[in-house]
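The structure appears right after this line, and notes come after that.
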Amino acid sequence: MGLVAGWVIGAQQAQQGPRAATAAAAAPASAAAPGGGAPSAPPTIDQAQVTALTSVASREPSNATPRAQLGNLYFDAERYDDAIKWYQEAVKLSPTDPNLSTDLGVSLYYTNQPDKALEQFDHSLKLDAKHTKTLLNVGIVKAFGKQDLEGAMKAWEQVVQIAPESPEGQAAKRALDSLRSAHPGGVAGTSKPGA
């Protein structure tokens, strides 16, 4: 799994932003921190933005956007419990948005709740069965949170089938290649390369 952890960090950095709706850096710190180096300090949060968005959220109780933006700010600051609170509010106001639902699932995973994350991803996939960012995250949570390599491979294979040239498809390909390299005899029940 060490090879996959290396891919995970690289995939996260290559994505559109820290969230990019992927849990790519969600590998446990012990797996992702090569050499056991000291963890870096979490990013700071722009309190002025928090104050402004909180004010908008208070004035506009039916508007999901400021709540999602607050979730994003807290997520980027690695304050996942706060991100969960705001994403949950945003999802309540915009229950058919698979991106918000997936952001909530990613945050749940970051707070060591892989089962709840997978439940949230199931909700996202009910909204859009081909939501590649959700499927990519399902694979990551299954691989790292549940040690279900077979399930991870199935999710990543779906991403590759749906959108092979997308950033998610490319990340899924790298994950599959890394996993297959780490387990050359195959993972029970998964298809072989080229099958």
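FYI, it's all coordinate maths here, none of it is from the lab. Note that the coordinates shown come from a computational prediction; the quantities given were computed from them, not determined experimentally. Don't worry about glycine lacking a Cβ; one is built from the backbone with ideal geometry, like all the others, and counts go over all protein chains shown.
Average the reciprocal distances over every distinct pair of alpha-carbons in region 42-191, invert the result, and give the Kirkwood radius in Å. Display every interim value, and only then the final one.
Details: mean 1/r = 0.0618 Å⁻¹.
This gives a value of 16.2 Å.
For a modelled paramagnetic label at Gln49, 7 Å from Cα along Cα-to-Cβ, the residues of region 67-92 in reach, with backbone nitrogen under 14 Å, are 67-79, 83.
What percent do you get for the relative contact order of region 101-195 when only Cα pairs under 8 Å and 6+ apart count?
Numbers: 109 pairs, mean separation 18.6, N = 95.
Contact order relative to length: 20 percent.
The stretch between Arg59 and Glu150 holds 28.1 nm of extra length on full extension. This uses 0.36 nm per residue minus the Cα-Cα distance.
Magnitude of the Cβ-charge dipole of region 78-146, K/R +1 and D/E -1, about the Cα centre, nearest 20 debye? If you can, show how the numbers build up before the last one.
Working: 9 positive and 10 negative charges, 42 e Å.
For this selection, approximately 200 debye.
Listed by chain and number, the lysines placed with their C-alpha closer than 26 angstrom to that of Lys130 are Lys92, Lys116, Lys142, Lys146, Lys154, Lys173, Lys192; residues fewer than eight positions away on the same chain are left out.
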